Amino acid sequence: MWRGRVPREAFALGLLLGGLVTGLLLTLLSAFVGLLPRPVGLVVVAALLVLSVTQALGLHDIRLPHRAQVVPQEQVLGQASASGALQFGFEMGTGLRTHMPSNLPYVALACSLLLGPWWAGLLAGAAFALGRLVMAAGRWAHEDWDVAWTDAYRRNILLLNLGGAVAAGAVALV
Amino acid sequence: MTALGRPLLRPGSVAAVLACVAALVGIGAATTSSDLVVLLGYALLGATAGYSLSGSI
C-alpha cells in the first residue's frame, strides 16, 4: 500500500464515502425489508451469526456470496494519485468489491436491514469503513502487519466474532 | 503517529479493544435499555465487520 500523505488522506476519505453510500443504500432498503415481522429478522440474524461464529471456529468454510474481485491495485495505486487512492478507498469502503474471508459483514447487514432504526445502516456503514481504515492505518504503521495478522488470524477472527455476536445480541434485545 | 497509537494499531490490539468495547456493550445491554447501547451496538457491528475483512485487501 502506498505511503504518500495525500493519497492516504484521499484513501481515507474514499473509504468513509464508500461506507456512507452503502449505509445510505441499507437505510433505503430497510424501509421495505424492515416491514418484515421482527421474529423473522431475529431468526435470520441468529442463523447468520451461527454461520459466522462456526466458520471462525474452523468448523466449516462456507462463505456467503461476495464479489471475489480485488481492486486492481497495479492500475489504481500505480498512479499514486489522489484520485486513484480515492477510488480504491471508495470501492473498499462500499464492501461490494472485496474478498470476504469472514461472514461477519452479513450479520451487520442483516441487523441493520431487519432490526434497526432508520439510522442503523448509516452508522454501521460508517463504522464498517472505519474498521477498514484502522486496518489500513495498521499497515502504514507496521511493516510486518500482514505477517502479524496471519499469525494470529484465528484468535483475532474469534475475538471479532465474539464482539459481533455481543453487538447483535444488544441491538436485538434492547 | 503517537507512541500510544502504534502499539494500538497491531492486529491483536485492535481485535482486543473491539472485544472490550463489546463487553461494555454487553454489560450495558444487560443492565439498561438505553438508546446509547443500541447506537454503540450498531457501531460495533460495523467496525467488527469491517476489520474482519482485514486480510482481503
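The values are calculated or read from the model by the stated rules, or taken from the named source; none is laboratory data. What you are looking at is a predicted structure, and each value in this text was computed from that prediction instead of being measured. With ideal geometry, Cβ positions are generated from the backbone for all residues, glycine too; neighbour counts draw on all protein chains shown.
Restricted to region B:8-20, and to residues that are facing another protein chain (nearest Cβ under 7 Å) and in a helix (DSSP H, G or I), which residue is nearest to residue A:122 (Cα to Cα)?
The selected residue is B:18.
Give the residues of region A:13-60 that are among the hydrophobic types (A, V, I, L, M, F, W, C) and closer than 18 Å to residue A:97 by Cβ, sorted by residue number.
A:13, A:15, A:16, A:17, A:20, A:21, A:24, A:25, A:26
With respect to residue A:138, is the statement that it is facing another protein chain (nearest Cβ under 7 Å) and at pLDDT 95 or above true?
Against the criterion (facing another protein chain (nearest Cβ under 7 Å) and at pLDDT 95 or above), residue A:138 does not qualify.
Only one of (1) of a type in the set (A, V, I, L, M, F, W, C); (2) within 24 Å of residue B:18 (Cα to Cα); (3) more than 8 Å from every other protein chain (Cβ to nearest Cβ) is not met by residue A:128, so which one is it?
Unmet condition: (3).
Could you count how many residues in region A:91-101 are surrounded by fewer than 24 Cβ atoms within 10 Å (Cβ to Cβ) and either part of a helix (DSSP H, G or I) or within 7 Å of chain B (Cβ to nearest Cβ) (or both)?
Qualifying residue count for the region: 6.
Out of the residues in region A:139-174 that are touching a Phe, Trp or Tyr at 6+ places or on another chain (Cβ under 8 Å) and surrounded by 23 or more Cβ atoms within 10 Å (Cβ to Cβ), state the one that is farthest from residue B:17 (Cα to Cα).
A:171
Mind checking whether some residue in region A:130-137 is within 25 Å of residue A:44 (Cβ to Cβ), under 17 Å from the mean Cα position of the chain (by Cα) and either of a type in the set (Gly, Ala, Ser) or crowded, with 24+ Cβ neighbours inside 10 Å (or both)?
Yes.
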